[in-house]
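Have a look at the structure below before the remarks.
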Amino acid sequence: MNNYTLDTRCLQAGYQPANGEPRQLPIIQSTTFKYDSSEDMGKLFDLEASGYFYTRLANPTSDHVADKIANLEGGSAAMLTASGQAASFYSIFNIASCGDHVISCSTIYGGTYNLFAVTMKRMGIDFSFLPPDCSEEELKAAFRPNTKAVFGETIANPALIVFDIERFARAAHAHGVPLIVDNTFATPILCRPFEHGADIVIHSTTKYMDGHGAAVGGCIVDSGRFDWTKYPEKFPGLCTPDASYHGITYTKRFGLEGAYITKAVAQLMRDLGSVQSPQNAFLLNLGLESLHLRMERHSQAALAVAQFLSEQEEVSWVKYPGLPGDSCYALTKKYLPKGASGVVSFGVKGGRKAAEAFMKGLRLASIVTHVADAKTCCLHPASSTHRQMTDEELAAAGVSPDLVRLSIGLEAPEDIIRDIRQALDGIR
Ligand SMILES: *Cc1c(COP(=O)(O)O)cnc(C)c1O
């Protein structure tokens, strides 16, 4: 498939039916798989034969969809998870344990921040949060002997800061750890983090990949390029035998291409079980079939809305990484040359109150916690997704109290703009 463009691969990568098989990806809605003898099944458990036996560990529908996403990202292996949160958690917990440390960019999704700063902290994993524009000295000083990974979002939700992937990859690699990038807002259509040095990519497939607000899901993709065996003392889980899984050493048995994802499935999915249902994997695949068209349209319409907003006198500021003059514009040109995705944020003059009045006035755009949907939607993070955060934490995450986040859908751009204009009229 790799000699085709990404557009074609959105449709044809992953599932390729043989003669007489269904053209559309079949939903294998079965928890379990039948064998003729316990001997046959024993071979699967001994890893002498490959095959399916229980959907918590592997399912053909989900595997085909994971293969498509691995192909789109240019990775060596991928797995689906029940949600983006599960993908974030597994991506780090697969290589960090109690007593370890991880560096994260501070401009990340609120749910990820909570996961790292509260829940994973309770598990004994310590996180340092660094601003995306931190100095080289700050970045260098953040690494500790027990640091296991660096984490950031290609386009931060909701701060819309573009992550300098190459810079953070260089720093991570200089300290012998991988860079994990949450590529949810960009999708591989707009940015492929592996081409810029990232080692692991994760997604909330709930967003643009599904794209229709239908199914919560996540995905982890491995580039297969990080050489864990160079640092066996740092990554014992990948480089020494796993007593809970046939005494296998993942890097030896599955190579650099397969070790990380196989371990995440065989250990974490087996024990924690955040599995994506075959039905949801099917819905995700339908979304992926039009991802290339949707990302282009979302990006064009969002740029038009951002330009419009920047010309309205009720608007105090506009943040869209694709807007010329935006603080991230140079990084956008470098990492997102095909478009800066569909999310725009802005402030209304009059602060929090005016922001709430504006939202109330919208007719076409609906107030939902969701983003990255085919239908235009709108959110006030300070009073919803980010309400657990202190003012200082909000500022570090790049979220001000007057920030309104608009996720520009696939409706006609002129209708979306008309709706925004009439809602601005209503706050006067
Ligand atoms: C939504 C989101 C997540 C969490 O994903 P869920 O599918 O809601 O669990 C993680 N990262 C980013 C950037 C997101 O937008």
Boolean, D373 is of a type in the set (D, E, K, R) and surrounded by fewer than 19 Cβ atoms within 10 Å (Cβ to Cβ): no
In segment 41-57, residue nearest to the chain's Cα centre (by Cα) [restricted to those that are within 22 Å of V275 (Cα to Cα) and open to solvent by less than 30 Å² (accessible area, probe 1.4 Å)]: T55
Residues located in segment 229-255, provided they are of a type in the set (A, V, I, L, M, F, W, C) and in contact (Cβ under 8 Å) with a residue 40 or more places away in the chain: F235, L238, I248
Test set (1) in a helix (DSSP H, G or I); (2) in contact with a helix residue (DSSP H, G or I) (Cβ under 8 Å, 6 or more places away or on another chain) - V318 fails condition number: (1)
Which numbered condition F163 misses (of (1) buried (at least 24 other Cβ atoms within 10 Å of the Cβ); (2) of a type in the set (F, W, Y); (3) out of contact with any Pro (no Cβ under 7 Å at 6 or more places or on another chain)): (3)
Helices (runs of 4 or more DSSP H) contained entirely in segment 128-204, each with at least 1 residues that are without any contact (Cβ under 8 Å) to a residue 12 or more places away in the chain and either more than 15 Å from the ligand (Cβ to nearest atom) or polar (S, T, N, Q) (or both): 136-142, 165-174
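Among the candidates L309, L256, L283, L288, which residue alone is touching an Asp or Glu at 6+ places or on another chain (Cβ under 9 Å) and under 18 Å from G409 (Cα atoms)?
L288 is the lone residue from the list that is touching an Asp or Glu at 6+ places or on another chain (Cβ under 9 Å) and under 18 Å from G409 (Cα atoms).
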Selection from segment 216-231 of residues that are within 16 Å of the ligand (Cβ to nearest atom) and open to solvent by less than 10 Å² (accessible area, probe 1.4 Å): G217, G218, C219, I220, V221
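The values are calculated or read from the model by the stated rules, or taken from the named source; none is laboratory data. Note that the structure is a prediction, hence the values are computed from the model and not measured. All Cβ positions, even for glycine, are placed from backbone atoms using ideal geometry, and neighbour counts span all protein chains on display. What goes into the accessible areas is simple: the full protein's heavy atoms, side chains included, and nothing from ligands, DNA or RNA. Shrake-Rupley method; radii C 1.70, N 1.55, O 1.52, S 1.80 Å.
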